[in-house]
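Structure first, then comments.
Here, each number is a calculation from the coordinates, and none is a lab measurement. Keep in mind the model is a prediction, meaning the values are calculated, not measured. Cβ sites come from the backbone with ideal geometry, for glycine too, and all protein chains shown count toward neighbours.
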Amino acid sequence: MGRAVVTGVGIVSVLGVTRESVTDSLYHGVSGIDAEPDRIAHGMRSALTGIVRGFDEGRFLNRKQRKTMPLCAVQAHAAVMDALDQANLPQEALRNDRCGLIFGNDSAIVPTLEQANALAETGQTASMGSGHVFRSMNSAITLNLNALLGNTGPGWTVSAACASGACAVGMAADAIRLGRQDVMICGAAQELGWQAVAAFDGIGAFSVRTPPQEASRPFDADRDGLVPSGGAAALILEDIDHARRRGAAILGEILGFGMSADGQNLAVPGDTGLSRAMAAAIADAGLAPEEIDCISAHATSTPLGDAAEQRNILRIFPDACPPVLALKSLTGHELWMSGASQVVYAILMARSGFTAATANHHRPDPDMPPLPILTCRRDVPPGRILCNAAGFGGSNACLVVDCR
Amino acid sequence: MTNDEIAATVNRAIAEEFELAPERLRPEAHIRDDLGLDSLDIVDLVIVIEKAFGFKLTNREAMMDIRTLGDIHAFIAALRDKGEAGA
């Protein structure tokens, strides 16, 4: 079995649009959540959302290149370009069959609406514009990035609800560990905009708490729902020998990957599914549970979801549970992107030698056995971190990442 | 609308849609080879020209013979002469 190391990361997040600004937000606990009053005018129950500020769409791509891309694909491209820069991989190096591309994504709601609106406005398909064809595909990110980056290895998109990002990183690592690829560009993205989450708002899943920065409160007794968020996260994974041969700096390693399905309910997470994925990831890493230094919980701040994750964590760590970090307290729930951004955040924290604090966790849930929630920043790297992701349909994916 | 005004309107629309520098928009510029527009861009080229002149092309196939920017100028001028365009 080969080893898949991380040699570059990039991110466009509600915490910042550069590695430095995101690291700074994580270090100081600066929230990326705010209210968009327009959402109420559109008939939504919650005005809360993560907001990406200061992203320059034209930084890498001209208008012609962007016309076939939804905004989240433009953000994914920017994140990949930053990751490639950090990995010191020139674009010529991607142009071979041993370099692949995989992203997690599970919707194209905003571009699909734009497509329908374009036809309504113009009255004939020939006047809609060519970009709609590609923008509204679920694989819009990978098909555009393939054409822009020029890698000739395989490129594909994976959808597994809010586990999509973790699946993309895990499958990319597998492709390297199995010897199929030398370099994998991977990550995930989540479209922002009220249209993308209007129906989700309609089932009462979102927090309505104010002030906005205190709305996302994972594992807290007073949590009242998640805050939708988004952006794009990218990683360059590389076979360790490939990375060493070219003298690349190694930022971390994907040690293990595990997936499972609850096989129960569409929307209510079960008590064993996530823990089976956690156990599989830890075993795949060749570790015992007590060798995990930190858990980056999925923890979206919903009453049912956090309670289920807590029970799942305690199934794996019944006696000595490592510190639990819940970064969605700062970012909100980045949905499809979250499983990949978790890994990027962990790498960024490790590079700067700290582990961020979980915000807004003040009162443990009296109905649940206690978890050691990390509520103060620690000035040590996350170490061997277990990253959880769980989504609708009981889709679970976990990664063990070496961030020492 | 004079021929010069037609050329200026076409060039302005194309420069904006495809972010092309105005000095590249010479009449002899080949649309594919010099301006780098591909078959998808041609679809959008037709749309921006329709918008710029405020008419709908009823015979899009006629545009398939167009090779250069000057061909577009002449195509619109011919429509004007036939009274088919708002030009």
Modelled label reach - B:GLU19, point 7 Å along Cα→Cβ, segment B:36-74 residues with backbone N closer than 18 Å: B:36-38, B:40-42, B:44-45
Modelled FRET efficiency - R0 41 Å, A:HIS362 with A:GLN124, Cβ distances, 0.05 increments: 0.10
Pairwise FRET efficiency - A:ALA147 versus A:ARG246, Cβ, R0 = 35 Å, nearest 0.05: 0.90
Other-chain or far-sequence residues with amide H under 5 Å of A:VAL158's (modelled H): A:PHE103, A:GLY104, A:ASN105
Proxy reagent accessibility, fewest Cβ within 10 Å first, across A:GLU309, A:GLU214: A:GLU214, A:GLU309
Extreme residue, positive dipole direction of chain A, given options A:LEU48, A:ALA397, A:ASN62 (C-beta unit charges): A:ASN62
Kirkwood hydrodynamic radius (C-alpha pairs) into Stokes-Einstein, chain B, 10 °C and 1.306 mPa s, D in µm²/s: 124
Rounded tilt (10° steps) of B:69-82 against the dominant C-alpha axis of chain B: 10
Spatial extent of segment A:27-86: Rg and Dmax, with the Cα atoms as the point set, Å: 15.2, 43
Electrostatic dipole magnitude of chain A [Cβ: Lys, Arg +1; Asp, Glu -1; Cα centre; debye, to 20]: 700
Stokes-Einstein D for segment A:298-351, Kirkwood Rh over Cα pairs, 37 °C, 0.692 mPa s (µm²/s): 267
Calculated Rg and Dmax of segment A:196-267 using C-alpha coordinates, Å: 19.6, 53
Normalised alpha carbon radius of gyration of segment B:9-54 [divisor 2.2 N^0.38 Å]: 1.05
Extension gain, A:ASP271 back to A:ASP97 (0.36 nm per residue minus Cα-Cα distance, nm): 58.5 nm
Cα gyration tensor shape of segment A:248-294, rounded if a/c is under 1.5, else prolate or oblate by comparing a/b with b/c: prolate
Burial ordering of A:VAL227, A:VAL110, fewest other beta-carbon atoms within 10 Å first: A:VAL110, A:VAL227
Debye, to nearest 20: dipole size of segment A:132-234, +1 on Lys, Arg Cβ, -1 on Asp, Glu Cβ: 260
Cross-link partners of B:LYS82 among lysines (Cα-Cα below 20 Å; sequence separation of 8 or more within a chain): B:LYS51, B:LYS56
Rg and Dmax [Cα atoms of segment A:316-395; Å; Rg one decimal, Dmax integer]: 13.3, 37
Scattering curve values for segment A:79-231, log₁₀ I(q)/I(0), Debye with Cα scatterers, q = 0.12, 0.19 Å⁻¹: -0.68, -1.13
Among A:ALA233, A:ALA76, A:ALA116: highest mean-square fluctuation, GNM of chain A, C-alpha pairs under 10 Å: A:ALA116
Dipole magnitude of segment A:1-74 about its Cα centre (Cβ charges: Lys, Arg +1; Asp, Glu -1), debye to nearest 20: 420
Debye intensity ratio in log₁₀ form over the Cα atoms of segment A:4-403, taken at each q of 0.09, 0.10, 0.12, 0.13 Å⁻¹: -0.47, -0.59, -0.86, -1.01
Candidates A:ASP85, A:ASP293, A:ASP241, ranked by Gaussian network fluctuation over chain A, Cα under 10 Å, top entry: A:ASP241
Per-residue Cβ neighbour rank within 10 angstrom, fewest leading, A:CYS387, A:CYS162, A:CYS376: A:CYS376, A:CYS162, A:CYS387
Bins of 5 Å from zero: percent of alpha-carbon pairs in segment B:46-85: 6, 23, 37, 30, 5
